[in-house]
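Asks: Okay, here's the structure, questions in a sec.
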Amino acid sequence: SYRSQMAVWCANEIIDLLSDKSLNIQAKDIALLVRDGTEANDIKQALLTANLPSVYLSNRANLLHSEQTKQLIQLLKGILFLENERLFSASLTCALLPFSPKAFYRLQQDDLAWQEMKITFSQLRHEWLTKGFITMALKLMHDHMVISGDDSERCLTNLLHLFELLQSASQQHKQPQELLYWFEQQSLSDSPDLETE
């Protein structure tokens with residue numbers, strides 16, 4: 001019951017802040033961080049009851065329809081099915097890896113470098129199969145991903161949330177193929193399964 005009480009307290013605090021003219025605070029200046037979907041729903045309900053409009057920006061549905069989700073699926077397919085040249089090649093061209101079109105072309109022309117990438121992906125797949133998703137994902141991010149650009153912080157946050165979501169789902173979907181299938185289905189769904197929250 002403390003969650004709903006804290007949510008009401010939070011809504012009342014926001015009302016106080018907005019009514020104190022000396023602070024010059026507007027509703028758009030306020031953001032609330034929550035731990036999970038249940039906490040978000042409690043806060044949203046309390047804000048609604050207090051006639052305070054709110055937007056839940058980081059919901060899982062938006063996350064699962066993000067560009068990072070598409071890129072991560074493409075990359076994970078290349079790791080898991082690296083013998084499939086089409087999937088392997090497509091994974092190397094995703095925006096999460098450092099290959100520009102020129103660099104990718106050069107890689108394709110260099111048999112040794114191409115085989116080294118296959119070995120790298122094979123090692124990542126082995127990590128996934130033997131040590132679990134999160135071990136492989138963190139190694140992938142640390143050793144191979146390049147995240148840059150104006151929205152690099154948002155991209156990194158989305159990826160970390162996706163890793164957390166996949167790690168949680170891996171408790172139920174233990175085989176990598178099963179987990180990847182589940183992840184892709186969630187990304188295609190209009191109402192993703194949020195039970196992992």
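The values are calculated or read from the model by the stated rules, or taken from the named source; none is laboratory data. Small disclaimer: the values here were computed from a predicted structure and weren't measured. FYI the Cβ positions are ideal-geometry reconstructions off the backbone, even for glycines, and counts take in every protein chain you see. Note: accessible area is taken over every heavy atom of the protein model, side chains too, but ligands, DNA and RNA are not part of it. Shrake-Rupley method; radii C 1.70, N 1.55, O 1.52, S 1.80 Å.
Asks: Give the carbon-plus-sulfur fraction of the accessible surface of the chain in %, rounded to a whole number; probe 1.4 Å, heavy atoms of protein chains only.
Replies: 53 percent
Asks: Could you compute the net charge surrounding Ser19? Neighbours are other residues with a C-beta less than 15 Å from the C-beta of Ser19; K and R count +1, D and E count -1.
Replies: Net of charged neighbours comes to -3.
Asks: Relative to the longest principal axis of the chain, what angle (0 to 90°, nearest 10) does the C-alpha long axis of helix 176-188 take?
Replies: 50 degrees
Asks: From the protein chains alone at 1.4 Å, what is the descending order of accessible area for His65, His142, His173, largest first? Numbers along the way, then the final one.
Replies: Details: His65 85, His142 155, His173 30 Å².
Sorted descending by solvent-accessible area, the residues read His142, His65, His173.
Asks: Strictly over 29 Å apart at the Cα level, which of Lys21/Lys44; Lys44/Lys131; Lys44/Lys139; Lys102/Lys174 would you flag in this model?
Replies: Lys44/Lys131; Lys44/Lys139; Lys102/Lys174
Asks: With the other protein chains left in place, how much accessible area per residue, in square angstrom, belongs to segment 74-171 at a 1.4 angstrom probe?
Replies: Here the residues of segment 74-171 average 55 Å² of exposed surface.
Asks: Taking the Cα centre of the chain as the origin and placing charges on Cβ (Lys, Arg +1; Asp, Glu -1), which of Asn51, Thr157, Ile79 is farthest toward the positive end of the dipole?
Replies: Ile79
Asks: Here is a follow-up. When the dipole is taken about the Cα centre of segment 1-75, and only Lys, Arg (+1) and Asp, Glu (-1) are charged at their Cβ, what size is it in debye, to the nearest 20?
Replies: 220 debye
Asks: Related question: Pairing the Cα long axis of helix 37-49 with the longest principal axis of the chain, what angle in degrees results, from 0 to 90 and rounded to the nearest 10?
Replies: Roughly 30 degrees, rounded to the nearest 10.
Asks: Which trypsin sites (Lys or Arg not before Pro) in segment 43-143 sit in a loop by DSSP (not H, G, I, E or B) and have at most 10 other Cβ atoms within 10 Å of their own Cβ? Each step should come with its number before you reach the end.
Replies: Numbers: sites: Lys44, Arg60, Lys70, Lys77, Arg86, Lys102, Arg106, Lys118, Arg125, Lys131, Lys139; in loops: none.
Here no trypsin sites (Lys or Arg not before Pro) fit, given the DSSP loop and packing criteria.
Asks: Please state the charge dipole magnitude for the chain, taken about the Cα centre, from unit charges on C-beta atoms (+1 on K and R, -1 on D and E), reported in debye and rounded to the nearest 20.
Replies: Charge dipole, the chain, about its Cα centre: 260 debye, nearest 20.
Asks: With Cα extents along the principal axes in Å as the read-out, I listed (i) 120, 33, 32; (ii) 97, 35, 34; (iii) 67, 36, 27; which label goes with the value calculated from this structure?
Replies: (iii)
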